[in-house]
1. Put a dot 7 Å past each Cα toward the Cβ at S661 and V200; how far apart are the dots in nm?
2. So which trypsin sites (Lys or Arg not before Pro) in the stretch 818-853 end up in coil per DSSP with only 15 or fewer other C-beta atoms within 10 Å?
3. Just the number, please: percent antiparallel of the DSSP beta bridges in the chain, rounded to the nearest 5.
4. Rounded to the nearest 10 Å², what accessible area does E85 have for a 1.4 Å probe in the complete protein model?
5. Would you pull out the residues with amide H under 5 Å of N234's amide H, same chain only if 5 or more places away, H placed 1.01 Å from N?
6. With a cap of 15 neighbouring Cβ atoms within 10 Å, and only residues DSSP puts in a loop, list the GluC sites (Glu not before Pro) found in the stretch 233-301.
7. Quick one: what do you get for the stretch 88-180 if you divide its Cα Rg by 2.2 N^0.38 Å?
8. Given points 7 Å out from each Cα along the Cα-Cβ axis, report the E575 to A891 separation in nanometres with one decimal.
Amino acid sequence: MQKPAPSMLRNKGRARCRGILGPPRLACRSLASKEILMAELAAPSAPRFEHRTDRGPVRGVTTASPRLSWSVASAPEGYVQTAYEVEIARGGATSRWVVESSEQILVAWPDAPLASRDVAVVRVRVRGTGWSPWSEPGIVEMGLLAPEDWSARFISPVGIGGLRQAAPEVRGTVQIDARVVNARLYATAHGIYTARINGVAVDDTVFAPGWTAYESRLRTRVYDVTELVLSGENTLDVTLGNGWWRGRFGFLGERALYGDRLAALAQLEVTTADGAVHVLGTDETWRARSTGILSDDIYDGQTTDLRFSPDTPFDRPVETVEADLGILIGEDGPPMRVTEVVPAVSVSTSPSGRTIVDFGQNLVGWVRLFARGGRAGDEVVIRHAEVLERGELAIEPLRSARATDTYFLSGARAENLAPSFTFHGFRYMDVTGLAELRVEDVEAVVIGSDLERIGWFSSSHGMLDQFHQNVVWGMRGNFVDVPTDCPQRDERLGWTGDIQIFAPTANFLYDSAGFLTSWLGDLAAEQDERGRVPHVIPDILRTELTSSPAAAWGDAAVIVPWTLWERTGDRGILERQLPSMKAWVDCLRIEASDDLVWRGGSQYGDWLDPTAPEDDPSRAKADPDVIATAHFARSAQIVAWAADVVGDSSLAVEYATLAASVRAAFVREFVTASGLVFSDAQTVYALSLHWGLIEDPALRARAAARLADLVRSSGFRIATGFVGTPIVCDALTDNGYADIAHRLLLQTQVPSWLYPVTMGATTIWERWDSMLPDGTVNGSGMTSFNHYALGSVIDWLHRRVAGLAASSAGYRTIAVRPVPPKGLTRAAASHRTPYGIASVAWSREGGEWMLEVEVPVGVTAEVQLPWGGSASVGHGLHEWRVVEPTAERTAPKTIRDIVDDETRWLRLVEVSSLMGVIDSDARIARLLEPMYDHPAAELGEAVWTRIWPSATAKAAIAKISD
Ligand code: BGC
């Protein structure tokens, strides 16, 4: 999962243009180097199938006509693909298709659809003026497409493996008397499973078959087990855990949400040298036994009796279980795996005498511990927590989740302890029952969906980089087959609102297309006939309340597919999701009043606005009706755009008209004639500006100015919740207030993005103050230390601080528009777009500002320099240098100018504090706000009248405006 970031300034000898001019014009003319002109057209990459990122053959595909994509590493300057050729070898025949097209992303499968088990070997080549060499082959192998392909049936043990009983295991055997040439295992389960052939695990994945909307979609996996099946008798064992199917799950304390029986479906197909195909499928001839896994729950942890003997006979019967094989689906995205192993940093003793281990990183997975010298039956108990409070594990944030793994030792001199059917969110553990524990005996095993890292950011600001890193870890811990809110407490649910705002960030950091495609399939499946979207997907809450339309949460149905289109160029996802997207907007049309304003309902609003009461995070400053109506307008507009993309022009017109009417209703209802937006909170301005709800330029200017004032008067601290946080910096930057956005970004006082970094955070917290400045845990009862939502601002960091953004679908064109913060001397972002790596890196030194841009083949970059000048460049490495204009230090005209001048502002705060006037910069900012327009010379007077009537302070402060 973790790959090093490609160097931002690599391959200097390659295609580049450079030059130096002074501002405000473009710094350099693009000079094509010799290398560019002479670059050969390289062979395309091996074709990719749909959004699968498997290294090697892509197995278990159930899309009969999988779309193909490729990238081209290098090409001559001016190269444009004019055609491509696809070669497909399957069933002993090879065919070729030439397609006159410049497309290279998700192009249509040219051949007849593939059938179950088909294998195709696919190569591509591309033409500019001449043909490139052929790519390496990509191999696609189909899964089982129809219920009839399964001779196996779901089986469940009889008399064992019931609720609250030990995890069961089922075994089938098959005699193979010839040389094995090929063997495949097709499998899934009700519950989660591990499978072994002749005692060897069939692969390195965990928690198969993952979590989907089990009632309508159950994933299967295909394993290549050719190496594991031998001539002679073979055993196939499947161990079943409770997982999401039957464990205690959901904060309502329920169990067995999908059924009270665990069951396995497995079909082993072995082809031998004599051409025979031997099939071993789960049926009533299989046998079962209980295992040493005495209990297993995702929330509560696992209890394992290591005295369990592997020779325990399979002496229990099984029976077949009725199940609809029509709901079986293939994998869209990567499976879950162990993605990293993190060694312990320290072992220490807590004030109460407990043995505490620190892994140095808040992560998701489990502990692997090497126990020495225990006696048979000794009980070892491992508890997990994300933070320490007063030196002990802080377990209150876990609420009812026990997050405890227990082992009864076998008495062997040394044994490995690790669970198999549970995971925890933790940085710390404590352990009892061990005679000794050395730091080298314990490590944390990180698990999650095995996504490919494709996005990086770095800067000269250490805390900012740590913050970015925390978002990456937050994503790793919460992309556990579905996008979850948090990974540790009795929740871990696919909250729609959280992923709705995080999706752009997710798509930048990791290749999330397959993962989210799968989740959107679940969303569409669980939307009801009225178009309502449950608040969590898969929906295990199933209440009327959690199904009623909630703005920003239900809008995931529209915004997530649109984000996928924007970032990956997948038109097909829009085609597939459009009925679901439209159904949501139609639902809102009914929900809203006749005047198209969406009032009331059960809204989360600007969830977790820092001033909302601890016990009611929805009571934000931003009015919920404003937020709801804004989302109605936004989603209607996106449906119109999506309809346009898929070529449904009448639908596009219908929803564009609706969107325009809702925008008009929004302005009529919530925007004053002078550009103030009702409830006067940062979030309502951010929405109005960023989503174009206010169109009139004069009103927009006024709204933007008001937003900037609100940020100033909050002392440049965060004043937004889930809805406003990802977009407030965009709204400021795009409307002439980038400096204000940068002040907000680099703030370290609570509430801010960097405050948790100052407190040692290694993930993003749920609340702005999940840990209070005194080191105690926020006692609100809803305090996770691993929630990615508030980290969504890094998408802006990539796009507008480093300056790397997609300006047309799939990054076919990219917009390079960095706006460098004063507090940074360099920033860089790099992203593997569908076309290849794109990078932007800027730095400043000695009055010169340098920009380096790497553009992949097939992509055009529109570059806009911060102080004027623009260029459009094709693939290759390009560089500009400008002399950075020095900001003239002029005397401030207004009190607002003093607030905006960071040096003067800090002086004001310092003097105020020294003179005992007031020691909170945030309060000074707020109290001064009514006087922002007053002449700077009135600062002393302003402080005198509004804050503290002290003559000495007045004199000292008055000097600041000089
Ligand atoms: C979750 C949030 C979620 C919210 C909705 C919380 O319990 O952790 O992230 O979006 O509920 O109200």
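1. Calculated label separation equals 6.6 nm.
2. K822
3. Values: 155 of 169 bridges.
Bridges in the chain are about 90 percent antiparallel.
4. Approximately 20 Å² for this residue.
5. V174, Q175, I176
6. E254, E284
7. Numbers: Rg = 22.3 Å, N = 93, 2.2 N^0.38 = 12.3 Å.
Cα Rg divided by the expected 2.2 N^0.38 Å: 1.81.
8. Between E575 and A891, the label points sit 6.8 nm apart.
The values are calculated or read from the model by the stated rules, or taken from the named source; none is laboratory data. The structure presented is a predicted model; accordingly, all values stated were derived computationally and were not measured. Here the Cβ is made from the backbone with ideal geometry for all residues, glycine too, and neighbour counts use every protein chain on show. With ligands, DNA and RNA removed, areas are computed over all heavy atoms of the protein, side chains included. Shrake-Rupley method; radii C 1.70, N 1.55, O 1.52, S 1.80 Å.
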